[in-house]
Structures are given as C-alpha cells and as structure tokens.
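Trainee: Mind looking over this structure? Questions follow.
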Amino acid sequence: MKPSTFRRHFRESFKNLGRNAWMSFAAVSAVTVTLLLVGVFLTVLLNLNKVATDIENDVEVRVLIALETTDAEQQALEEQLKGLPEVDSVTYSSKEQELQNLIKDLGEDFGLFKQNNPLYDVYVVKTKQPEDTAKAAKKIQQLDHVEQAVYGEQKVDRLFNLLEMSRNIGFVLSLLLLFAAMFLISNTIRMTIFARRKEIEIMRLVGATNWFIRWPFLLEGMWLGLIGSILPIAAVAVGYSYVEDFIKGHTQGHFIQPLSYFPFIWQVSGIMLLIGAFIGIWGSFMAVRRFLKV
Amino acid sequence: MINMKGVTKKYPNGVTALQGIDVSIQQGEFVYVVGPSGAGKSTFIKMMYREEKPTSGRVIVNGTDLSKLKDSQVPKLRRQVGVVFQDFKLLPSLTAYENVAFALEAIEEKPAIIKKRVTEVLQLVGLKDKAKMLPSELSGGEQQRVSIARSIVNKPKVVIADEPTGNLDPDTAWDIVNIFEKINVQGTTIVMATHNRDIVNTIRRRVIAIEDGRIVRDEQRGDYGYEA
Ligand SMILES: Nc1ncnc2c1ncn2[C@@H]1O[C@H](COP(=O)(O)OP(=O)(O)OP(=O)(O)O)[C@@H](O)[C@H]1O
Ligand SMILES: [Mg+2]
C-alpha cells in the first residue's frame, strides 16, 4: 500500500467515526464495559494462578509435633528429619512463634489466643526440590510423634477448584459481552457503509479494489475497539496499584505474593488492547462481508 | 475492442433483456445505441463494464473475456473503461476537482500524477474555473461535464455512457455531445445510449438499434429512425 493511500484510509476511518457519533459512542461503551470485566477477571485469575504456582513451588513441609512429646523424643525426631534424603533444612518454631506469625499475617484478632494457644510446636522442613515435597511429607507422616505433616499441594487442590470455577464464570460472562460488543461494532460499521454506499458504488465503477474499499471500515472498527480499551486499561492500572499494595501489606515475608505491578500491568494492558482491536476488526469484518458484498 | 457473440441476458425475475446479441465495435468508433424504452439498451451497456454478466454467450472487451472474468479481476477491467450516467453520480460533499481526483485516488495513483491529470481533464471539459465548486453549485450540464472528466481521467480506451444527456436541456445536451466528440477524436471509443433524435440525426455516426433485446439495425452513419 502506498503511503498516500494509507493516509487516506486513516483519514476516512476517522471521518466515519465522527459521522455516526452516537453509534460510535454506543459501540465504544460496549467495548469499555466488556473490557472492564475482562480486565478484572484477568487480574483475579492471573493472581490466583500465581498463588497456585507459589504454593506448588513451595518446598516447605510443616511438621506439627504431637502434644505429649518429650524433649528427647523431639530431639530424635529432628535427627530423623535431617536424615531424610529429600530434606534440605529443618528449623524449629515454637507455638508462641507460630502465633506471632499468625497475628502478623492475619491481624490482631488472633491475639485472643495468647491466653490459650491452640497451635502446635512445628518443625519447618525445606526439601531440596519442589517435586520431592509430597514424597517427603508422606514419609514424615509415618514418623513417631508427628501429629501431621502439612505441605502446599493439599491447599492447592481447594484453590484449584476455586480457580476453575472463577475461570469458567469469568469466561462465559466475558464471551457473552464480547459478542454483544462485536454486534454493536458491526452495526456501527453497517451504518457507515450505508451512509457511504454512493461513494462505494463510484469506487467500484472506477476500479477500486475490494481491499481499497474495505480498509477504512476495518480501521474504523479497530479504532472503536482501541478507544473502548482505554478506560478499562486505566482502571486496571490504577486499581491494581492499590490492590497490590493492600495485599502486599498482608503477605509480607510470606512465600505467597501477588503478581508485582510490573510487568503484570504491561501484559494485562497488552491483552486488553489486543482484545479491543480484535473485536473491533472482527465486528467490522462481519459487517463488511454482509453489507459490502466485496 | 468490444465483441459480443450470442449474448443473452435473462434477469433472475425471468425477464429476458437481451437475446442473441452479436456485435463488434472497433477501437476509435463512436456508436449510438438507440431503441424504445425497455428495449435492453442499459442492459447491453452493462455487459461492457460487467455490471451484469451474460446468461450465455461471450463478451470480450479489450481482449478480456468478461464471461470468464473473476470478481477479483473486475477492478482491472473498470480501469480500462470509463462510465457516464444520466444522473451523474457525483459525490455531493466533494468539489468538482475532488470528484475527479477521487477516481484516481481510488486506484492509488501517485499524488503528483493525480494533480496533473485532473487539471488536464477539467481544462478539456471547460471547467477549469469551477474546479472548487460543489456539485450543488453547478448546473446540470456542468455536473455532467465533471462526471465525464472523471470517466476519462485515467485514460480509458473506451467510454460508455447511458443516456448522458437524458436530464439536460437541448443546448446543454449539445455541449455534452461535443465533449464526447472531442474525446473520440483523441482515439477513445465512445458507446452512448440515447433517446436524443436531433443529435443522432445531426452528428451522423454508427447507430445500433435494439428492440425487445435484439439488434434490429446496425448502420454506419445511421439515423435515429424513431418518431420523436
Ligand atoms: N436489474 C434488473 N432486474 C430485472 N429486470 C431488469 C433489470 N434491469 C432491467 N430489467 C428489465 O430488462 C428489460 C430491459 O431493461 P433496460 O434497462 O435494459 O432497458 P432500456 O432500453 O435501457 O430502457 P430505457 O430506455 O427506459 O432506459 C426491461 O424489461 C427491464 O424491466
Ligand atoms: Mg436505460
């Protein structure tokens, strides 16, 4: 395509936007609503995914020491733990320390338990490889004086159910809205085509190629999609900076962390821009195919 | 230049507009197409720029067999054929200059060439001074001159006109035909459907008369042949 032709298509596509200002506005709004939902959904989903991988990659097994264990027995247990081939390190954490951690993570409400601490003394065992964690936990469970050996993947199962469910709900909702937005874009383009039918007829008569005729409409659709993605991107960019700060305040030092702002925000913005452009181009493509017959 | 062999056109609604048309038009000819209303003149002309496809038979324009032409090849044909209509088909929001330039922009001609060619053809049709006017500011004859300028701006080998003077008063009609003459003298083939008896009988050229979808007369330097 010649630069002058490209400039022409650009110009025409913008003119068309202005010509059907109200339809354009409706289409842009539809894209905006859709992408807002998609943005929130993506943010939640990607973070849940991150949590799941954080847990999966965690090499920690928390060994709860049975209540009536003597110091000597506990000492023997520690030796046994250190002797396991999968184990990298073993650290002791008393139930008072455990309560302190809990209060730090979840808030002062748990200070109530200072009088009557329901927690166990714990050995925090780190395995050398994440994939060894389950095996090590199973072995540890068999040892004497072990109340329970807890590791990440057990928590992951429940999380995965949650993940699956939110993914499905978000997916269906987004898909419905995507179709609605595409339909509105398609209608807007149809109006433009209608307004320009005389021009199109003359273009055909003088020998314009089908692509020459199509381009401004496809661009117009793309603008609608891209303009519609501006607000959702801004909303996610601002919103997530608060959400991230908030969550980080509560997960300090913990192995589970929310996705950090960069590059997450670039990725989500990129995805939303792509989706916006895609539904714009696709919506207008359908209109062009049906009403331009080229 | 233009060859039709056994061309029949049956519209989807069952009307047979053309039947067994055989005709050959040479490069540089000036041809009137006459006949009563509904005879099939417009359909005959539409065959030449593939607005309609023949139901059977062959249409060859400038060496291209239009009956075999793929849709994607139609733009290439249209660039070799200029068309002019009774209702001008100008874009109301564009000036005379822009309307003519539009034809070249649509086929992605270089800006420098567009400027040169548009200026040339506006001069040729005598509208150099009104280049900046909108169609609504021009008379019918002037509008038709803009549309003729547009049809020849990319130097087609043939210009096809369907009742180009149909909406114009007699004097203005003469101006328009004189422009076609001028274009014809430069070597461009002209095919013109018309009901204008005066013109056909005065500027004597080849006349093809169509009735009921058939060619009933084809004479060099013929006359109009129907009562006014
Ligand atoms: N698109 C169409 N679909 C169906 N029938 C058509 C179509 N165009 C023309 N016809 C029919 O074909 C016949 C020839 O029409 P055409 O327009 O070629 O006549 P014409 O000679 O140009 O008439 P006029 O002098 O009034 O312009 C007419 O009976 C007309 O009704
Ligand atoms: Mg006609």
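Trainee: Under the rule of -39500 (n - 2.57) per DSSP H run of 4 or more residues, summed and divided by the residues of the protein assembly as shown, what mean residue ellipticity at 222 nm is obtained, to the nearest 500 deg cm²/dmol?
Mentor: -18500 deg cm²/dmol
Trainee: So for chain A, averaging the separation of alpha carbon pairs under 8 Å that are six or more residues apart and normalising by length, what relative contact order in percent results?
Mentor: 31
Trainee: Tell me, what is the percent relative contact order of segment A:60-151, built from C-alpha pairs under 8 Å that lie six or more residues apart?
Mentor: Rounded, it is 50 percent for segment A:60-151.
Trainee: Follow-up. Got a sec? Charge dipole of segment B:10-131, +1 on Cβ for Lys and Arg, -1 for Asp and Glu; which of B:Ala96, B:Ser72, B:Phe30 is way out at the positive end?
Mentor: B:Ser72
Trainee: Based on C-alpha coordinates, I'd like the Rg and Dmax of segment B:90-155, in Å.
Mentor: 10.5, 31
Trainee: Please report the Cα spread of segment A:178-294 along all three principal axes, rounded to whole Å, starting with the longest.
Mentor: Rounded to whole Å, the extents work out to 71, 22, 17 Å.
Trainee: Taking beta carbons within 10 Å but only from partner chains, what does the mean come to for residues B:69-77?
Mentor: Counting other chains' Cβ atoms within 10 Å and averaging over B:69-77 gives 3.
Trainee: Follow-up question, since we're still on this one. Looking at chain A, I'd like the Rg to Rh ratio, where Rg is from alpha-carbon atoms and Rh is Kirkwood's inverse mean 1/r.
Mentor: Radius of gyration over Kirkwood radius for chain A works out to 1.24.
Trainee: Right, something else. Counting partner chain Cβ atoms within 10 Å of every residue's Cβ in A:193-202, what's the average?
Mentor: 2
Trainee: Span-like helices, chain B: DSSP H, alpha-carbon axial extent 15 Å or more, mean Kyte-Doolittle -0.5 or greater, which ones?
Mentor: Helices meeting the criterion: B:111-124, B:170-185.
Trainee: Here's something else I'd like to know. Mind checking the log10 I(q)/I(0) for chain B at q = 0.11, 0.15 Å⁻¹? Debye, one equal scatterer per Cα, no solvent, two decimals.
Mentor: Debye curve over Cα of chain B, log10 I(q)/I(0) at q = 0.11, 0.15 Å⁻¹: -0.54, -1.00.
Trainee: List every residue whose amide H lies under 5 Å from the amide H of B:Glu211, counting only residues 5 or more places away in sequence or on a different chain, with H placed 1.01 Å from N in the peptide plane.
Mentor: Hits under the 5 Å cutoff: B:Val216.
Trainee: Which whole-percent values make up P(r) of segment A:60-151 when all C-alpha to C-alpha distances are grouped in 5 Å steps starting at zero?
Mentor: 3, 14, 24, 22, 16, 12, 7, 2
Trainee: Could you compute how fast the protein assembly as shown diffuses translationally, taking Rh as the Kirkwood radius over C-alpha pairs and applying Stokes-Einstein at 37 °C with viscosity 0.692 mPa s? Give it in µm² per second.
Mentor: After rounding, the answer is 111 µm²/s.
Trainee: Could you tell me, in Å, what Rg and Dmax come out for the Cα atoms of segment A:112-221?
Mentor: Spelled out, the Cα radius of gyration and Dmax of segment A:112-221 are 31.5, 91 Å.
Trainee: What pairs from B:Lys68/B:Lys115; A:Lys114/A:Lys139; B:Lys9/B:Lys115; B:Lys110/B:Lys130 go past 30 Å between their alpha carbons?
Mentor: B:Lys68/B:Lys115; A:Lys114/A:Lys139; B:Lys9/B:Lys115
Trainee: Quick test of the membrane-span-like rule: which DSSP H helices of chain A reach at least 20 Å along their long axis (C-alpha atoms) with mean Kyte hydropathy at least -0.5?
Mentor: Helices meeting the span and hydropathy rule in chain A are A:21-56, A:152-195, A:210-251, A:261-291.
Trainee: If you don't mind, another one. Using only atoms on other chains, find how many Cβ atoms lie within 10 Å of each Cβ of peptide B:105-115 and report the average.
Mentor: Whole-number average of other-chain Cβ neighbours for B:105-115 is 4.
Trainee: How long are the semi-axes of the equivalent ellipsoid of segment B:1-72, taking √(5λ) for every eigenvalue λ of the Cα gyration tensor, in whole Å from largest down?
Mentor: Working from the Cα gyration tensor, I get semi-axes of 18, 17, 10 Å.
No value in this document is a laboratory result; all are computed from the given coordinates. Values in this document were obtained by computation on a predicted structure and should not be read as measured data. Every residue, glycine among them, receives a Cβ derived from its backbone with ideal geometry; neighbour counts consider all protein chains shown.
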